[in-house]
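What follows draws every value from the coordinates through simple rules; no lab data is involved. Since the structure is predicted, the reported quantities are computational estimates derived from the model, not experimental observations. Glycine also receives a Cβ, built like all others from the backbone with ideal geometry; neighbour counts cover every protein chain displayed.
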There are 2 protein chains.
Amino acid sequence: MDFEKLVSDFKSGKPVIIFDDPKREGEADIVIHAKFATPEKIRLLRQDAGGLICLCTDKQTASKLGVGFYTDMVKNSNDEGVRKIAIEKTPYGDEPSFSVYINSRKVRTGITDEQRSLTVREFDEMLGAGAEREFASRFYAPGHVPLLISRGIENRHGHTEMSIELCKMAGMSPAVVICEMLADDSKALSWNGVLEYSKKKGFFAIMGAELLEGLKK
Amino acid sequence: MDFEKLVSDFKSGKPVIIFDDPKREGEADIVIHAKFATPEKIRLLRQDAGGLICLCTDKQTASKLGVGFYTDMVKNSNDEGVRKIAIEKTPYGDEPSFSVYINSRKVRTGITDEQRSLTVREFDEMLGAGAEREFASRFYAPGHVPLLISRGIENRHGHTEMSIELCKMAGMSPAVVICEMLADDSKALSWNGVLEYSKKKGFFAIMGAELLEGLKK
């Protein structure tokens, strides 16, 4: 496994693909650093992946921004019906990484490729400026881009955590856009489907187990 | 304008298209009653529309379920950063219709066409059984399908409200799946683009103003 190639592709803005584990979600996500999330890249996520277009960050950043997990918002909701459906863990055993759904204050509706791109890149720009205190002047909620918070690779082996590890390896800010790859058979794209797609597009694809193994080195 | 055709198409499970208003979002949504939201229909929304796949219901149902608006969850969050980014109104002037993000308890990850279809149809089945009290045994949050609550067509002219009016006209339960149509130019699909698509597919497309006019009759 050519770890250097994975990191250099990611660092250059090329989409990379991470398939978590057949025993976990059994899903592949296309992963792109937020800095490179142009409208064209958002379109690629929408058309070639098809799941939810999410923005991942790390615990330290979330803590600086003062945002927590969606799980807690649900659990502490004033609405009885919402509190009643709150879960702590997903059916595959992990705590969810969802936080709040945001839009950049520069957008109008928030959903077009141009506007989701703005939201995602604005987040990275904010971090780049070291200005987490500008969160409220740059973003609002409810928005159209779910923020996901890494629970730390030592606690959870999700796409969120693995993507944030990629940022660290590349020496980049903790801001990644990810999207689940869906297939025409109504299921998630299989590993074989991933290999076929990644070969066609020239994208690097990796299994979670292999990525985790590489991180130990 | 052939209102009867619009209602009978909707009633038979055919997708219909509503373009709100160039002065509002300026966006077209594909609209399908939840009952007919098969995995194939979810795929159509994902591939031909491309926005967020949302499930709309009405105020009465939301009240029976005990769920409110996401705006309030944000405003009342325990997290200071979340409270700080809370908005009351969208940039185009309306209060958002977002409520909580749900999954059916039958799903594993929640995002595939099969699983979003399950979530959406389960909601309609629950209403059909008159069993809103089964909400907590059938759904959980955080999930992958945003529930939207109509603020009433007298208060708001969004896709949510117009879709719920369609349900009433068709004598169907208040459960509709909708998705914004995006274009390859990184913007929302224009009305001309909608006409071209709807002609090709044989789907009924209508402007919000015309739909609102028709409702008065």
Counted neighbours (other Cβ, 10 Å), sorted fewest up, put B:169, B:162, A:172 in the order B:169, A:172, B:162
Amide hydrogen neighbours beyond the local backbone of residue B:148, cut-off 5 Å, H modeled: B:55, B:56, B:57, B:99
Using helices alone, I'd like the mean residue ellipticity at 222 nm for chain A: each DSSP H run of four-plus residues gives -39500 (n - 2.57), total over residue count, nearest 500. -11000 deg cm²/dmol
I need the shape label for segment B:38-86. Rule: rounded when a/c is under 1.5, else prolate if a/b > b/c, else oblate, with a, b, c from the alpha carbon gyration tensor. oblate
Let me spell out the model: positive unit charges on the Cβ of Lys and Arg, negative unit charges on the Cβ of Asp and Glu, origin at the Cα centre of chain B. What dipole size does that give, in debye rounded to 20? 500
What is the ratio of the Cα radius of gyration of chain A to 2.2 N^0.38 Å, with N the residue count, to two decimals? 0.98
If you restrict to DSSP beta bridges whose two residues both lie in the protein assembly as shown, what percentage is antiparallel, to the nearest 5? 70
Within a Cβ distance under 12 Å of residue B:154, other residues only, what is the Lys/Arg minus Asp/Glu net charge? +2
If B:168, B:41 are placed from fewest to most neighbouring beta carbons inside 10 Å, the sequence is B:168, B:41
Fraction of beta bridges assigned by DSSP in chain B that are antiparallel (%, nearest 5): 75
Hey, if you put +1 on the Cβ of every Lys and Arg and -1 on every Asp and Glu Cβ in the protein assembly as shown, which of B:73, A:130, A:177 ends up farthest toward the positive end of that dipole? B:73
Sequence order, segment A:27-33: Karplus ³J(HN,Hα) from phi using 6.51 cos²θ - 1.76 cosθ + 1.60, θ = phi - 60°, Hz rounded, Gly and Pro as x, gives 10, 9, 10, 7, 10, 9, 5
Under a Cβ-Cβ cut-off of 15 Å, what is the net charge of the residues other than residue B:43 that fall near it, where Lys and Arg count +1 and Asp and Glu count -1? -1
Taking amide H positions as placed 1.01 Å from N in the peptide plane, with prolines and chain starts having none, which residues 5 or more places from residue B:204, or on another chain, fall under 5 Å of its amide H? B:17
To the nearest 20 debye, what charge dipole does the protein assembly as shown have about its Cα centre, counting +1 at the Cβ of each Lys and Arg and -1 at the Cβ of each Asp and Glu? 200
When the Karplus curve 6.51 cos²θ - 1.76 cosθ + 1.60 is applied with θ = phi - 60°, which whole-Hz ³J(HN,Hα) does each residue of segment A:75-85 get, with x for Gly and Pro? 4, 9, 4, 6, 8, 4, x, 5, 4, 5, 9
Taking θ = phi - 60°, what integer Hz values does the Karplus form 6.51 cos²θ - 1.76 cosθ + 1.60 yield along segment A:159-175, in sequence order, with x for Gly and Pro? 4, 4, 5, 5, 5, 5, 5, 4, 4, 4, 4, 8, x, 10, 5, x, 7
Using the Cα centre of chain B as origin and beta-carbon charges of +1 (Lys, Arg) and -1 (Asp, Glu), tell me which of B:118, B:149, B:208 is placed farthest towards the positive end of the dipole. B:118
Amide H of residue A:86: which non-local residues (sequence gap of 5 or more, or other chain) have their own amide H closer than 5 Å, using H built in the peptide plane? B:141
Only Lys, Arg (+1) and Asp, Glu (-1) charged, at Cβ; segment B:69-144 dipole about Cα centre in debye: 240
Can you spot the lysines whose alpha carbon is less than 20 Å from residue A:23's alpha carbon? Ignore those fewer than 8 places along the same chain. A:89, A:187, B:106
Could you tell me what % of all Cα pairs in segment A:36-142 have separations over 18 Å? 57
For residue B:216, counting only lysines whose alpha-carbon sits under 18 Å away and dropping same-chain residues fewer than eight positions off, the answer is B:5, B:168
Could you give the alpha-carbon Rg of the protein assembly as shown over 2.2 N^0.38 Å, rounded to two decimals? 0.93
The answer for the net charge of residues other than residue B:95 whose Cβ lies under 9 angstrom from its Cβ, with Lys and Arg +1 and Asp and Glu -1, is +1
Please compute the Kirkwood hydrodynamic radius of segment A:116-173 from all pairs of different C-alpha atoms, in Å with one decimal. 12.8
Proxy reagent accessibility, fewest Cβ within 10 Å first, across A:70, A:92: A:92, A:70
